[in-house]
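Shown next, in structure tokens, is the structure this report addresses.
All of the numbers you see were taken from the coordinates with simple rules; none came from a lab. Predicted, not measured: the structure shown is a model, and the values here were computed from it. No Cβ is skipped: glycine too gets one built from the backbone with ideal geometry, and neighbour counts run over all protein chains shown.
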Amino acid sequence: MTVRVEATAAMNRSAGLSLALFFCLFWMPVWGDDSFPVNRLVMHDVPRPGPDLVFVDENGNTQSLADFRGKVLLVNVWATWCQPCVREMPALAGLQAALDPSRFRVLPISIDRLGAEAASRFYKEHGIHGLPVLAGKGIAVFKAIDERRLPVSLLIDVAGREVGRYVGAAEWNGPEYLAAIRRVMGPS
């Protein structure tokens, strides 16, 4: 009996370490200091097909990026437990407020287990206004965007193509990001 208990305890420790290793290697949230990195928005030389991304709004309505075709989008994948994600949410709200919503939308897609409920609660607790409450299933979202780190933002053009990508937290309402997004938006 002692051998079985010790073996079970060793297996539990091994499973716990394996899970921790899996999380660190394959989910790799972008952690770091409190400063925002600059100039990490990678603009693609050739636009890539936009991801087949499906998500729900706070009312449970299913949406996709195709529903927003004709607008430039900044799709931000985030979670309430990801500190860099939390840090950049006010800047995302500021970005949306700075640009014409008839031509540009920020789509912050939470991958929290509690879905839109968690995002909605977060917005209320942190005074986030002007952003839609959206949620997706973590694994499906990561597969659709071909990324495993948080936060990640995709810049999508009016034709629904990915023209840029940023991994990490950014001060999105800063002048360099506004200028890059305005270039993608083109003249009004």
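General remarks:
- When the convex hull of its Cα atoms is projected in every direction, mean area for segment 79-125 (nm²): 3.4 nm²
- Three-way shape label, segment 97-188, alpha-carbon gyration tensor, a/c 1.5: oblate
- Whole-Hz ³J(HN,Hα) from phi, Karplus 6.51 cos²θ - 1.76 cosθ + 1.60, for segment 54-63, glycine and proline x: 10, 8, 10, 8, 5, 9, x, 6, 6, 9
- Note on segment 31-130: percent of Cα-Cα distances in each 10 Å bin, starting at 0 and stopping at the bin with the largest distance, equals 12, 43, 38, 7, 0.
- A cut-off under 15 angstrom between Cβ atoms defines the neighbours of Pro175, and their net charge, with Lys, Arg +1 and Asp, Glu -1, is 0.
- Placing unit charges on the Cβ atoms of the charged side chains and taking the dipole of segment 121-188 about its Cα centre, the candidate lying farthest along the positive direction among Ala140, Val158, Phe122 is Ala140.
- Under 13 Å, Cβ to Cβ, from Ala159 - net charge with Lys/Arg +1 and Asp/Glu -1: +2
- HN-Hα J in Hz across segment 137-143 - Karplus 6.51, -1.76, 1.60, θ = phi - 60°, x for Gly and Pro: 6, x, 4, 5, 5, 4, 5
- The amide H of Ile109, built 1.01 Å from its N in the peptide plane, has Asn76, Val77, Trp78 as neighbours under 5 Å, considering only residues 5 or more places off or on other chains.
- Neighbour net charge for Thr62 - beta-carbon separation under 14 angstrom, K R +1, D E -1: -3
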